[in-house]
There are 2 protein chains.
Amino acid sequence: MDERIHEHAAVLVNWSARVSEGDNVVVSVDEGAHDLAVAVAAELGDVGANMSMQYGSSEVGRAYTKAHDGEFEESTHELALYEESDVVLRLGGGRNTSADADVPAETRQASMQAAQGVREAVMATDWVSTVHPTRSLAQQAGMAYEEYQDFVYDAVLRDWEALADEMAKMKTILDEGSEVRLVKENTDITMSIEGRTAVNSAASVAYDSHNLPSGEVFTAPYDVAGEVFFDVPMTLRGTRVQNVHLTFEDGEVIDYSADQGEDVLGEILDTDKGARRLGELGIGMNRGIDRFTDSILFDEKMGDTVHMAVGRAYDANLPEGETGNDSAVHVDMITDVSEDSRMEVDGEVVQRNGVFRWEDGFE
Amino acid sequence: MDERIHEHAAVLVNWSARVSEGDNVVVSVDEGAHDLAVAVAAELGDVGANMSMQYGSSEVGRAYTKAHDGEFEESTHELALYEESDVVLRLGGGRNTSADADVPAETRQASMQAAQGVREAVMATDWVSTVHPTRSLAQQAGMAYEEYQDFVYDAVLRDWEALADEMAKMKTILDEGSEVRLVKENTDITMSIEGRTAVNSAASVAYDSHNLPSGEVFTAPYDVAGEVFFDVPMTLRGTRVQNVHLTFEDGEVIDYSADQGEDVLGEILDTDKGARRLGELGIGMNRGIDRFTDSILFDEKMGDTVHMAVGRAYDANLPEGETGNDSAVHVDMITDVSEDSRMEVDGEVVQRNGVFRWEDGFE
């Protein structure tokens, strides 16, 4: 077995999920993630955790959902499993990213709704999502298999401790700041972050971070004004969306356009009132990710990028008891800041052309 | 997908486990049983059951067990899952029947012991074990892959209703009888079955039967005397055992021999006091099984065979509240009765050369 699979498992169990002896751990294994499951099992055995393996197959889910009459019930046995769990590790990596493409949206939604309680039980644990590089994911990324393996392990096998320290600098700037401004081609946008707390998303539950890889610092902005251009292409609801331009006034999108996928963009913005407001501002700081692969797990963490999400804000960014922007959607869009760009906090430049203030000492 | 996989799933869900709407069902999927899992999921969706999929990988289990320090705890989260379950379907079929061959016996035993509560919770459900034909199982059976698929489906896709009716005849004979005698080469053995209840093992929980395929009628004999020769080879504890000969006096084995594997046989008989007494007499009645494959799931159900197990008796054969032969082992051994043999109940021949009384009307 590729030694990097063992390293991936060790990072997941020890750095990300902080599993300790006697923890009840559920590992959910996608069809193609067998090898990572074996490596994770060895780590869990070594730690002395109690392990239960779930099979997370999209083909199985599709068969079940399509055959069902649509009146889904809550799986109270699965709920009991997660309610007794301390940690949930989700090992993504199927054999076909379109495996359940023909499940009607309505059926999918009904099934998701019935699983709401189970999902909440998972979220109440120290859960972490990661992916095992499969041929199917390589294909989605438009990459050769070995090339994609290198890509995934470059992103996952970081010196997370060092990156967490680095990201702490950005968190401090955002926590102490009141206003963020981003300037680049077709972009000059300002937003308030006063009173909000940034999350140092260092791929560990110890940092309120539940993705491996991670490597972003994010907060929940408000009072947004100006225009922003997202030049990183993405797939939203199965449709390619490219070169999105949004104009904000009084915190709300008042105008939008896209070179491709403008209809889908409009649909998303029309979901509800909160869908026209920002829920997140994130700064990608994982320089192990050096290209876009049309997977948000990787793209939004890429170094030299900034992303903003329309829709729901995360509680972790808000003062205790306060509710942020609410919406049924949370859709991230990414802009490349590696060239001809600057981000200011309270009028001081903190990032210029992808380089941070503490790296270069620029004023 | 091979249409027989769908038929297998339908028999499992509807005939064997009698799953109904709203049942909480756990499906445990071995590494190689994916296709059957997909077909079972469709059946469960159709019925409207609630499904949770467990991944039953021997490679994962090996990795965990070998890395562990050996002080295993009960997995209370998995216990909660099974305690809230109505049905457990175990889909066997790995990719290597020796996948965990290098786990030390002691570690394996410690791990099994910690899982005792979980196993009991499974046994308290309407559980059914079956296998999906994999290349690994074909290899173990010494058969080509397609040949083995045919073998499995011939055994599984029976007219179970008709076989249950047929087996009911044998059950009636055993329930009304007091003494069984089996006579063939090197065999003349008598045993009491007075007061014991035979199980019509028709591959359905409705018949106290938890294997698919099944197709045997079994009871718990006592007061065994005489000699018996088991000419069907088997693998016990990884060792080939062939041509076992046992001599009984006052219910106990007083002498034994085997052409091959006599040491292992001796070890088994020396386990405890109950290991020298019979726990089961079974009559194989599944004529869809036409050859030995060194898998007890199939071999003991084969038509024209009789098997006896030394060790533990099943409660289902005993009057309410009575305990039968007790032992840590239950080891089945099989004798071919297709030629030069007869089985008598209370002096009347009920099976001669594999043919039953009601088939031939012989006296």
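The values are calculated or read from the model by the stated rules, or taken from the named source; none is laboratory data. Small disclaimer: the values here were computed from a predicted structure and weren't measured. Note that we place each Cβ from the backbone using ideal geometry, even for glycine, and neighbour counts take in every protein chain shown. Ligands, DNA and RNA are excluded from the accessible area calculation, which covers all protein heavy atoms including side chains. Shrake-Rupley method; radii C 1.70, N 1.55, O 1.52, S 1.80 Å.
Odds and ends about this structure:
- Accessible surface ranking that places the most exposed of A:D270, A:D336 first, with a 1.4 angstrom probe: A:D270, A:D336
- When the listed pairs B:K169/B:K301; A:K273/A:K301; A:K169/A:K301; B:K169/B:K273; A:K171/A:K301 are checked against a 22 Å cut-off, the alpha-carbon distance exceeds it for A:K273/A:K301; B:K169/B:K273.
- Alpha-carbon radius of gyration plus Dmax, which is the widest Cα pair, for the protein assembly as shown in Å: 31.6, 108
- Across all directions, the average flat footprint of the convex hull enclosing the Cα atoms of the range A:242-363 is 9.0 nm².
- B:K273-B:R135 pseudo-label distance in nm [points 7 Å out on the Cα-to-Cβ vector]: 5.1
- Range of Cα positions in the range B:160-360 per principal axis (Å), largest first: 42, 38, 32
- Helix B:105-114 and the long axis of chain B differ in direction by around 70°, with both axes built from C-alpha atoms.
- Protein heavy-atom accessible surface, 1.4 Å probe, per residue over the protein assembly as shown: 41 Å².
- For A:A168 and B:N14, a Förster radius of 45 Å and the Cβ-Cβ distance give a FRET efficiency of 0.15, rounded to the nearest 0.05.
- Farthest toward positive dipole pole in chain B [+1 Lys/Arg, -1 Asp/Glu at C-beta], among B:V25, B:P213, B:A202: B:V25
- Between amide H atoms placed 1.01 Å from N, distances below 5 Å from A:H330 occur with A:R312, all of them 5 or more places distant or on a separate chain.
- Largest mean-square fluctuation among B:S52, B:S16, B:S214, in a Gaussian network model of chain B whose springs join Cα atoms under 10 Å apart, belongs to B:S52.
- Computed over the range A:52-140, Kirkwood Rh from alpha-carbon pairs, angstrom: 14.4
- Applying 1/(1 + (r/R0)^6) with r as the Cβ-Cβ distance of B:D2 and B:R291 and R0 = 25 angstrom yields a FRET efficiency of 0.75.
- Largest-first ordering by accessible area, 1.4 Å probe, given options B:I173, B:I289: B:I173, B:I289
- A:K273 sits with roughly 140 Å² accessible to a 1.4 Å probe, with DNA, RNA and ligands left out of the calculation.
- Calculated translational diffusion coefficient of the range A:132-211 (25 °C, 0.890 mPa s; Stokes-Einstein with Kirkwood radius over alpha-carbon pairs) equals 159 µm²/s.
- Shielding of B:85-96 by partner chains, average beta-carbon count, 10 Å: 1
- Viscosity 1.002 mPa s, 20 °C: Kirkwood-radius Stokes-Einstein D of chain A over Cα pairs, µm²/s: 100
- Assigned charges on the beta-carbon of Lys, Arg, Asp, Glu; the range A:3-156 dipole about Cα centre (debye): 300
- Listed residues B:I5, B:I296 arranged by accessible area, highest first, probe 1.4 Å: B:I296, B:I5
- Average beta-carbon neighbours from other chains, 10 Å sphere, peptide B:67-75: 5
- Cα centroid separation - the range A:158-234 against the range A:284-304, whole Å: 14
- The aspartates and glutamates within cross-link reach of A:K184, meaning a Cα-to-Cα straight distance under 14 Å and a gap of 8 or more places when in the same chain, are A:E227, A:D231, A:D304, A:D336, A:E339, A:D340, A:E344.
- Relative to the longest principal axis of the Cα atoms of chain B, helix B:160-176 runs at roughly 40 degrees.
- For B:G251, inter-copy label distances in nm, listed shortest first [label point 7 Å out on the Cα-Cβ vector]: 8.3
- Note on the range B:3-156: the C-alpha convex hull projects to 9.1 nm² when averaged across all orientations.
- Ordering of B:302-309, B:256-263, B:220-227 by packing [mean C-beta count within 10 Å, highest first]: B:302-309, B:220-227, B:256-263
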